[in-house]
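To keep things clear, I will list the structure first and then write my remarks on it.
The values are calculated or read from the model by the stated rules, or taken from the named source; none is laboratory data. Owing to the predicted nature of the structure, the values given are computational and were not obtained by experimental measurement. Don't worry about glycine lacking a Cβ; one is built from the backbone with ideal geometry, like all the others, and counts go over all protein chains shown.
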Amino acid sequence: MNDVAARLADLYASPFGGKPSGRYRISAKLIRTLAGRRRLYEDDVRDLTRALAELGYILVDMDSFFVVLSANTFTNYRRANDDTIE
């Protein structure tokens, strides 16, 4: 899945959909095509998620499609702490 992860990471930096780069969604069918598989199993999705994480991206499984985001997207999110949940 490392080669698929590299292709998905490259897409993040590519202009399409009216944007120069950034987050995107991709169908499960297209992921299967990139992987050369007829089906994607849980292990495949887990391996792809890990491979993308190593490259600095997050893969979100939305059942019928996937979303690819930069891990840096989450850096500036506010943090919940003990006081917040009490």
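Those residues that are loosely packed, with under 15 Cβ neighbours inside 10 Å, touching a residue at least 12 places away in the same chain (Cβ under 8 Å) and among the hydrophobic types (A, V, I, L, M, F, W, C), I need them from the stretch 52-64; list them, please. If the condition is that a residue be loosely packed, with under 15 Cβ neighbours inside 10 Å, touching a residue at least 12 places away in the same chain (Cβ under 8 Å) and among the hydrophobic types (A, V, I, L, M, F, W, C), then Ala53, Met62 are the ones that fit.
Against the list (1) charged (D, E, K, R); (2) part of a helix (DSSP H, G or I); (3) at pLDDT 95 or above, the condition Arg25 fails is (2). Hey, could you check the stretch 43-86 for residues that are among the charged types (D, E, K, R) and over 17 Å from Ile31 (Cα atoms) and say which is modelled with the lowest pLDDT? Ranking the qualifying residues of the stretch 43-86, first place goes to Glu86. Of all positions in the stretch 44-63, none carries a residue that is touching a Lys or Arg at 6+ places or on another chain (Cβ under 9 Å), part of a helix (DSSP H, G or I), among the β-branched types (Val, Ile, Thr) and within 15 Å of Ala6 (Cβ to Cβ).
With respect to the stated conditions, Ala13 is under 15 Å from the mean Cα position of the chain (by Cα), farther than 18 Å from Ser64 by Cα and surrounded by fewer than 11 Cβ atoms within 10 Å (Cβ to Cβ). Only one of the listed residues (Leu8, Leu48, Leu34, Leu40) is surrounded by 13 or more Cβ atoms within 10 Å (Cβ to Cβ) and closer than 16 Å to Thr73 by Cβ. That residue is Leu8.
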